[in-house]
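Written out below as structure tokens is the structure these notes cover.
Only the coordinates and a few stated rules stand behind these numbers; no lab work does. Remember, it's a predicted structure, so these values are computed and weren't measured experimentally. Ideal geometry is used to build each Cβ from the backbone, glycine not excepted, and the neighbour counts take in all protein chains shown.
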Amino acid sequence: MKSISNITLATMLSIFFFASCETKSNEINNDLASDTELIDAENISIADQSLIGLAANQVVPGDVTETDIEHLLYMLEEEKLAHDVYVYFNGKFNKRVFQNISKSEAVHQKAIIYLINLFGVEAPDSKPAGEFHNPELQALYTKLITEAETLEDALKAGALIEEVDIMDLKKAISETENENIKRVFSNLLQASGYHLKAFVKNLSVRGIDYQPQFLSQEEFNTILENSRSNRKSSSHKPTTRCS
């Protein structure tokens, strides 16, 4: 992905598969797992549903730079990668967390497409599931789906994808002056924080203490705390499962 373009895929995948702590037990009580895997999906859906609406409220497109266009086109494929990986994992492992978050990633793609159309940017035709214009993303997709042999591997892959999404979105936000892009990307950033927490929590109930691979420990902790705080602030509303 963009922010790790100088890191080889081999290095990235070796970090992904071996850096997290080992499962404390191979057997997890199914009743406990179904209970403790609950993740508040309400905040995810609220953030996702507002993405296009926030952009649509901006009547004037504003100026976009070549850097803006580069970020838009790259993030479109990066969100597609997340979507396609999660759809694949849901088919393989049948876990609600992949099903729900893959739906969120589809909304993220629509939000970016809205911006691309708003600015009149010429974008390449969308490729089928699992296929990408960017060769680095293509190689990463293939690596992730072929080397994630267990559910725990797949959950780690999800957390890693969200970490890198967060890094790339922050970089794009810092490098643009366009308010439409800032608004939509900021909402994507918030949603990615919820997604990261969902994967981390699902790993936690399996005895795996996921440690950040690309974010700093401080930034990682802040994201999880912010997600937790936002969830508590809306706890009076009905919630749904996301695991």
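At a glance:
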{"read-out": "Within-11-Å neighbourhood charge of N178 [Cβ basis; K, R +1; D, E -1]", "value": "-3"}
{"read-out": "Distance cut-off 25 Å, percentage of C-alpha pairs in the stretch 38-233 lying past it", "value": "33"}
